[in-house]
Amino acid sequence: MADVFLEKSGPIAHLVLNSPETRNALSLSVIHSLMEHLEALAGDVDVRVVILRGEGPAFCAGHNLKDMVADGADIHTYRELFSTCSQMMLKIHTLPQPVIAQVHGIATAAGCQLVAACDLAVAETEAQFATPGVKIGLFCSTPMVPLVRLIGRRRALEMLMTGRFVSAQEALEWGLVNRVVPKDQLAKAAMELAEEIAQFSRYTLAFGKDAFYRQVDLDETAAYSFAKEAIAINCLHRDAQEGMRAFVEKRAPVWRHTASGVTS
């Protein structure tokens, strides 16, 4: 079976890392496969939410060090790996659909980066997170990019400079994950969160996700300048007009697309 595969259930897609023997390490081929699936999902009007998960004992252990120390590896090898991986992480942010990380086992280095790059995350109680590159002389420079933006400087630096494992509970307190549940409830909890979101307009979710990331690093004045124009434009869309009228008329809104891709 492929090292990454896609399953769809109505408006929810499961994007699955499927290299359990390497703890779902992000080799260049895996990254390219993820990119291909993300690009396909971007144009899939039937999908409103994506759950990203891993097969086997771990969510994702980061890059495969065996590949990184292979004979012939040079600066061009490393630039290609980290450039492609960065593009994939950014693709998650630009994907129209919200992406939920479903985390079990460990999420280390680029695997922790992957969790931080997702829009939301649900973890099981025994999950652990780390950016341990410092322990092998390789500072986790690319994982720190989404990590510091999510949990703040002090906490990110602690993870980056100690390389220690952070528990699921700490990750919850720090804002790295949204929810922590027992392992046997993980899939259900991720699906429930996805279903809660998937009931809403695909257009509105995509518009809102894009707007969120456009304003999040702006200063407050610039953010308001952007947001007031964004919400004015949003008001004119068919789904917003339908939603407002449905509220006033005390009925359920009818969004432009259902899970089958047609108006209901």
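Quick note: the coordinates plus some simple rules give every number you see, no bench work behind them. Computed from a predicted model, the values in this text were never measured in an experiment. All Cβ positions, even for glycine, are placed from backbone atoms using ideal geometry, and neighbour counts span all protein chains on display.
Descriptive notes on the structure:
- Axis of helix 238-248 versus longest Cα principal axis of the chain: the two differ by about 60°, to the nearest ten degrees.
- Within the range 60-95, backbone nitrogen closer than 20 Å to the virtual label 7 Å beyond the Cα of GLU21 toward Cβ: 60-71
- Ranking of LYS8, LYS209 by neighbouring Cβ atoms within 10 Å, starting from the fewest: LYS8, LYS209.
- For the chain, averaging the sequence separation of C-alpha pairs within contact (under 8 Å, six or more residues apart) and dividing by the residue count gives a relative contact order of 17 percent.
- Per-residue Cβ neighbour rank within 10 angstrom, fewest leading, THR162, THR108: THR162, THR108
- Point-to-point label distance, THR84-ALA252, nm (Cα→Cβ direction, 7 Å offset): 4.5 nm
- Length gained when the stretch ALA223-GLU158 is fully extended (0.36 nm per residue, less Cα-Cα span): 20.5 nm
- Averaging Cα coordinates gives a centre for the range 186-237 and one for the range 99-160; these two points are 23 Å apart.
- Charge tally in the Cβ shell below 13 Å around ALA2, where Lys, Arg are +1 and Asp, Glu are -1, ALA2 excluded: -4
- Other residues with beta-carbon under 11 Å from the beta-carbon of ARG155 carry, at +1 per Lys or Arg and -1 per Asp or Glu, a net charge of -1.
- The ellipsoid that matches the Cα gyration tensor of the range 134-263 has semi-axes, each √(5λ) in whole angstrom, of 37, 22, 12, with the longest given first.
- Electrostatic tally near LEU15: other residues with Cβ closer than 15 Å to its Cβ, Lys and Arg +1, Asp and Glu -1, net -4.
- Ranked list, fewest to most other Cβ atoms within 10 Å of each Cβ, for ILE31, ILE136, ILE197, ILE231: ILE136, ILE231, ILE197, ILE31
- Global size of the range 186-237: 14.1, 40 Å for Rg and Dmax (C-alpha atoms, Rg to one decimal, Dmax whole).
- Cα convex hull, the chain: 145 Å³ per residue, rounded to a whole number.
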